[in-house]
Structure formats: C-alpha cells, structure tokens
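Undergrad: Have a look at the structure that comes next, please.
The values are calculated or read from the model by the stated rules, or taken from the named source; none is laboratory data. All of these numbers come straight from a predicted model, not from anything done at the bench. With ideal geometry, Cβ positions are generated from the backbone for all residues, glycine too; neighbour counts draw on all protein chains shown.
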Amino acid sequence: MKFTKWQGCGNDFVLLDCREQESADYSELAKKMCDRHYGIGADGILVVLDSELPDVALRMRIFNTDGSEAEMCGNGIRCFSRYVYEYGLTDGQTEFPVETGAGVLVPRMEITDGKVTGVRVDMGEPILAGDEIPVTGFGQKRVVNEPLDVDGKTWRMTCVSMGNPHCVIFVDDAEKFPIYELGTHFEHSPRFPRKTNTEFVEVRDRSHVRMRVWERGAAVTLACGTGSCATVVAGVLNDKIDRKAEVTLDGGKLVVEWAENNHVFMAGPAECVFTGEWAE
C-alpha cells in the first residue's frame, strides 16, 4: 500500500488513495500507521474515496490515532485537497467540491507563479445550537460564555460545531495553560455526549489570537483547522476579535474569516513531507 505523508501547520497525516481498496479496515490502519515509534507517525490518516454524490467526484474520510473516525479536519482537508490536485484527480480544476463527514466543502488552490502556495477552504456555516453541536442542557440556544465545571474549577465555554464539536476556553496565557494535564478532562466532560475538541485561546488583539488545542481522539496536536475556525467564531460571539483574524498555533499560522454570508473561510499551508510504501 503506497502512501504520502502530509502536514498543515505541523498537524500531520498519512494519506491513502483507497478508491480501489474500499474494504480496508481504516480504523486498525490508523492505529498502526499513526504510531510514532512502530509506524509512520501521524495525527491521523486521510482516505481518498470516490463520492456517490451528484457533481462531487471525491470523498474524504479521516481517522484519528485511536482509530475513531472524525467528521472533519481543517488541516486535513487542505492536505487532502492539495494531494488530489497535485496527483491529477481534479482534472486541473483549482477549486472543487469534496464530500466529508461534515457535508460538501469547497477548497481552492492558491497559486503563485504556477505553484501552489496554500489552500483556502469554504468551511461552510458554523453550527451554534447546543443540541446540534452537541452540548447537553441548552436545547437550541447558543452556548456562549457559559459555565463549565472541569477538575474542580468553573470555566467559561463557548461552543461551536464546524461539522465536529468544539469547546473554546479563553485564557490569560495560552503558553502556560496546563493543556496536557487538563485537556482530557474537557474532552470527556459529561456535557459533551460525543466528546469534544477543546481550544485554549489567548486574545492578543482584535485581529490576532494564540490558540492551543486538545483534539478529541488525538490529544495535543500542533494545529487544528476546524478549531481555528471555531475560535474565530467564538471570539466574534464574545466581541473579543473582528470577523477576520490570524490564529497562531503551535505549528504555524492560519487566517480565518467569518464572512457576512455566515460562511467561515480558512486559509493556510499544506505540504507533502515524503512518500513511501506500507510494508503490510
């Protein structure tokens, strides 16, 4: 099985073209391939499949290091999109639809002097109703600056779904926040029936935030694209930032805009690291 290794802001993935191998056990493959000592090493695997939707050629599935399947991944969709473009699966189109677990998204290659310099993705509209994120106890109300009890302390959460659930916590100092000690307690809080990704965010000014992330099923990662989108939406809902902002992550920077048409746009890098062949 041939693979390519990709990264977007340090969030890394093993990408597999499985259009001819749709019977593979992707969950077990993810556990083995993502192991950084006995496998290739990654935050997850991205799987290229044919889509059965009308006017959509390709489908992306993503599996975390623990074998669980995620609905979406912002850094992953950029890597996936650049792969299918570079490997000729889009018939030369630089903008094209991709089926994901969070619906159909539309990435666009950013090209300078004939070379791809980044990928901009229309991530769709954020989901803000508590039951749809989901967060228990809020019904169809928005979850903005609400109390959350974790590890004996009350935090203020703002929750957003970008096709996958996010809990945004604004903190004074993202660098010093004990994310390794507390991240898992947020993920497994009974408030989140499908667990949650958690962003710990320091606002530096109205167009710049520093964010660290604990990802559901993957623990601490260097970046999270959907988390960056959720962070900007949460910042706007709390009147802390403007609708377009730079998000500084452990592994790099993304630019996110919550546009007036209610769609969230994310732009950032996607780079191929190496190619290889899986021995099994």
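Undergrad: In this structure, is THR184 crowded, with 24+ Cβ neighbours inside 10 Å and part of a helix (DSSP H, G or I)?
TA: no
Undergrad: Still on this structure, I have one more. Within the group VAL160, VAL104, VAL144, which residue is within 20 Å of VAL264 (Cα to Cα), buried (at least 19 other Cβ atoms within 10 Å of the Cβ) and among the β-branched types (Val, Ile, Thr)?
TA: Unique residue meeting the criteria: VAL160.
Undergrad: Still on this structure, please answer the following. Output the residues belonging to the stretch 88-100 that are under 18 Å from the mean Cα position of the chain (by Cα) and either at pLDDT below 95 or not in a loop (DSSP other than H, G, I, E, B) (or both). Break it down into steps so the answer makes sense when it comes.
TA: Taking the stretch 88-100 and keeping what is under 18 Å from the mean Cα position of the chain (by Cα), we get 97-100.
If the condition is that a residue be under 18 Å from the mean Cα position of the chain (by Cα) and either at pLDDT below 95 or not in a loop (DSSP other than H, G, I, E, B) (or both), then VAL98, GLU99, THR100 are the ones that fit.
Undergrad: With respect to VAL119, determine if the residue is more than 25 Å from ALA218 (Cβ to Cβ), assigned to a strand (DSSP E or B) and of a type outside the set (S, T, N, Q).
TA: Judged against the criteria, VAL119 is not a match.
Undergrad: Do we have any residue at all in the stretch 19-36 that's under 20 Å from the mean Cα position of the chain (by Cα) and within 19 Å of GLY163 (Cα to Cα)?
TA: no
Undergrad: Among the listed residues ILE40, ILE77, identify the single one that is assigned to a loop (DSSP other than H, G, I, E, B), closer than 23 Å to ARG216 by Cβ and modelled with pLDDT of 95 or more.
TA: It is ILE40.
Undergrad: Can you say whether VAL168 is touching a residue at least 12 places away in the same chain (Cβ under 8 Å), part of a loop (DSSP other than H, G, I, E, B), in the same structural domain as LEU254 (by TED's automatic domain parsing) and touching a helix residue (DSSP H, G or I) at 6+ places or on another chain (Cβ under 8 Å), as far as the supplied structure shows?
TA: When the stated conditions are applied, VAL168 does not pass them.
Undergrad: Pairs needed: first member in the stretch 179-201, in contact (Cβ under 8 Å) with a residue 40 or more places away in the chain; second member anywhere, of a type in the set (A, V, I, L, M) and buried (at least 21 other Cβ atoms within 10 Å of the Cβ); C-beta distance under 7 Å; at least 6 residues apart or different chains.
TA: So the pair list comes out as ARG191/VAL135; PHE192/VAL135.
Undergrad: Cβ-Cβ below 6 Å, separation at least six or inter-chain, first residue in the stretch 130-144 and free of Cβ contacts under 8 Å to residues at least 24 places away in the same chain, second in a loop (DSSP other than H, G, I, E, B) and surrounded by fewer than 18 Cβ atoms within 10 Å (Cβ to Cβ): which pairs?
TA: Every condition considered, the pairs that remain are ASP131/GLY139.
Undergrad: Can we say ILE77 is β-branched (Val, Ile, Thr), surrounded by 23 or more Cβ atoms within 10 Å (Cβ to Cβ) and not assigned by TED's automatic domain parsing to the domain that holds GLY251? Steps first, answer last, please.
TA: Numbers: β-branched (Val, Ile, Thr): yes; surrounded by 23 or more Cβ atoms within 10 Å (Cβ to Cβ): yes; not assigned by TED's automatic domain parsing to the domain that holds GLY251: yes.
The answer is yes for ILE77.
Undergrad: So which of ARG204, ARG243, ARG212 is crowded, with 22+ Cβ neighbours inside 10 Å and of a type in the set (D, E, K, R)?
TA: One residue alone meets the criteria, ARG212.
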